[in-house]
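In what follows, a structure is listed as structure tokens, so that the remarks can point back to it.
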Amino acid sequence: MHDNGPKESNTPLLPRLLLAVREGTVANRLAFGFGALLLLLIVSGLVSYSQICRIDNDLDQIVEIEGPLEQAVLEMEINSIETARAILNYVIEPNDRFIKQVHESESRFEHYATNFGALAETDDERRAGEKVFALYSNIVSLGDDLMETVQQQRQSLKRLRWDVAQIDQLIKLDMNRNVDRTASDARQLVEQLLKMEIQIEVAFAAVEGYVAHRSPDHKTELQAAFESFQRIEESHRMAHQVSEPERQILSRLDDAFEQAVSDSHEILVLTDRLHDTRQTFQSKLEQMDGFLEHDVQDMIQRETIAATTDARSSTRTVLILISIIITVGVCLGIAISWRVSRRIVYGIHKLVQGSEIIASGNRGHRIDLAKNDEFGQIALAFNRTVDCLNRTSDELLSSEREAQRARAEAAKQEIERHAAEARTDALTQLPNRRAFDDEMARCAAEFERNGRSAVIAVIDVDHFKMFNDTHGHQAGDEVLRGVARVLENSTRETEMVTRYGGEEFAIVIPGSSIADGAIVAQRTCRAIEQAVFHFEGTDLQVTVSEGLAELRRGECASKTFERADKALYASKEAGRNCVHIHDGQHVHPATETVEIGM
């Protein structure tokens with residue numbers, strides 16, 4: 001023993017390690033093998049660290065710069081479309097909520113344009129951001145011109161309506177002064193006045209037609225109507241001896257006619273300007289969309305491809321290095337495993353084989369090792385773990401299905417709620433114009449299918465602008481809510497009460513004749529007349545005017561509504577707080593005596 005000690009101490013380290021592997025315990029053999037693998041991994045890890053850092057930098061560029069740039073471009077495109085949609089909606093239906101939408105989308109666009117400028121790294125990206133902002137500013141400026149032109153057009157139309165009303169009033173005044181003339185003179189003069197009244201109405205209709213369709217025929221029709229009006233007026237002047245009062249009436253009539261001509265031409269000019277500005281607006285919007293979708297996106301895509309190519313090159317290098325490491329490690333592991341024991345290799349092989357079968361989807365497979373040793377215990381514990389995982393997986397799958405059903409039900413309820421809100425007026429909680437149009441379309445289809453008619457009642461609160469000017473808009477809103485409640489309480493469940501817009505309401509009465517509809521209209525008219533509304537300690541009362549029309553075969557719902565609106569206008573002309581009916585050809589007042597109540 002004394003001689004062997006010095007020999008062992010003088011033996012080199014490598015032979016002693018090989019001897020330990022060949023003749024030592026399993027633990028020693030495994031320790032040697034894992035030590036060699038660990039050393040190999042450390043060396044290879046240090047070699048590949050630089051490549052991994054390069055990949056990380058390339059990926060950071062893609063994730064932190066190119067990805068947010070693409071997101072900013074997408075958001076700018078979305079918000080530019082939102083701005084354009086809000087502006088065009090305002091052109092179709094001027095409403096403050098569209099102006100609010102324009103401002104909100106402008107704010108969001110500026111936010112994402114600022115983000116784009118902050119993320120831009122190259123001169124091309126910065127120039128692209130400046131061009132996008134310039135294009136958007138041009139679109140917004142054109143949108144402001146569009147909305148301003150729409151406002152001017154509406155004001156001019158309002159003035160023209162007032163001019164036409166003045167002319168009609170002066171014509172009626174002149175008619176009344178011709179009553180004392182002889183029958184033949186009076187008949188001739190009244191016919192001339194009626195023709196003048198018809199021509200001014202034709203002119204007004206031509207202006208409205210040009211606003212709606214912008215057809216040259218409407219311009220020709222307008223000019224012809226004005227020339228005809230002047231000829232008839234001149235003939236009227238020459239037809240009899242004009243007294244001083246009549247001369248004053250005709251002078252006022254000339255002034256009103258000249259104003260109507262001026263307002264009409266202004267409306268035509270504004271309509272042409274609106275059309276040209278809208279075309280320019282759409283062209284600029286298409287130019288911006290094309291620039292964002294093609295030029296900017298292509299630029300970002302090129303930069304992303306370059307960064308991706310660099311990352312891919314580094315990835316190939318790392319993959320080659322890892323492949324070498326894996327190959328060497330596998331060879332070393334196989335040698336050590338074979339040297340340790342065939343039995344150990346067999347046990348490991350069985351465990352790996354069973355794991356792969358289970359991993360491939362065969363959850364019923366079990367690892368069978370009959371030996372009651374460490375590998376047998378491992379196999380038993382593994383089988384128990386798989387059983388537990390199977391039970392847990394089944395429970396998780398069941399829970400996920402329940403969660404999916406719950407989410408689907410919640411989404412369905414949310415969709416139904418939004419659909420109901422889209423068809424409800426926010427102020428009065430009545431169905432809105434969209435719901436009214438849907439109901440009218442349904443009634444028209446049912447009438448064409450089985451002959452079941454329906455009646456429309458169009459209701460307008462009398463002197464509501466004056467009421468708002470006197471009591472304030474908050475009091476006006478309270479009265480509109482009160483009128484809505486009175487209308488609901490004065491109608492049946494089958495009769496749909498809607499807020500058509502502003503101070504105008506509409507009732508759809510399905511399955512009823514015009515006589516039944518007149519009863520409903522008179523009842524609601526009297527009920528509102530008798531209702532008292534309270535606001536901040538003040539009692540308020542209003543009246544309404546109503547117009548009725550019944551569906552006719554072959555007539556669309558919009559035409560029926562137009563007839564009802566004409567009847568409403570007749571109620572206004574008759575002094576308000578009354579009901580008129582349009583029977584398809586004529587407008588006449590409804591029966592006056594109707595019981596109030598259901």
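Normalised by the number of residues in segment 433-589, what is the relative contact order in percent for Cα pairs under 8 Å and 6+ residues apart?
Values: 295 pairs, mean separation 42.9, N = 157.
Dividing the mean separation by the residue count of segment 433-589 yields 27 percent.
Cross-link list K100/K219; K131/K158; K465/K559; K100/K572: which exceed 29 angstrom alpha carbon to alpha carbon?
Details: K100/K219 36 Å; K131/K158 41 Å; K465/K559 27 Å; K100/K572 34 Å.
Those over the limit are K100/K219; K131/K158; K100/K572.
Dividing the convex hull volume of the alpha carbon atoms of segment 433-589 by its residue count, what do you get in Å³ per residue? Present the calculation step by step, with values, prior to reporting the outcome.
On the way: hull volume 15.4 nm³, N = 157.
Roughly 98 Å³ of hull volume per residue.
Which of T385, T317 has the fewest other C-beta atoms within 10 Å, and how do the rest follow up to the most?
Details: T385 10, T317 15.
Lowest count first: T385, T317.
If the chain between L88 and A445 were fully stretched, how many nm would it gain, using 0.36 nm times the residue separation less the Cα-Cα distance?
On the way: separation 357, 0.36 × 357 = 128.52 nm, distance 3.08 nm.
Once the chain is fully extended between L88 and A445, it gains 125.4 nm.
Ranked by Cβ crowding within 10 angstrom, fewest neighbours first, how are C331, C578 ordered? If you can, show how the numbers build up before the last one.
Working: C331 10, C578 20.
Listing C331, C578 from fewest to most nearby Cβ atoms yields C331, C578.
Given Cα pairs under 8 Å that are at least 6 residues apart, what percent is the relative contact order of segment 544-587?
Working: 75 pairs, mean separation 21.7, N = 44.
Normalised by residue count, the contact order of segment 544-587 is 49 percent.
Relative to the Cα centre, what is the charge dipole magnitude of segment 433-589, using +1 at the beta carbon of each Lys and Arg, -1 at the beta carbon of each Asp and Glu, and rounding to the nearest 20 debye?
Working: 19 positive and 26 negative charges, 85 e Å.
Using Cβ point charges on Lys, Arg, Asp and Glu, segment 433-589 gives about 400 debye.
Along the Cα→Cβ direction, 7 angstrom out, place labels at L396 and K559. What is the inter-label distance in nm?
6.6 nm
Only the coordinates and a few stated rules stand behind these numbers; no lab work does. On a predicted model such as this, the values are computed, not experimentally measured, just so you know. All Cβ positions, glycine included, derive from the backbone under ideal geometry; neighbour counts span all protein chains shown.
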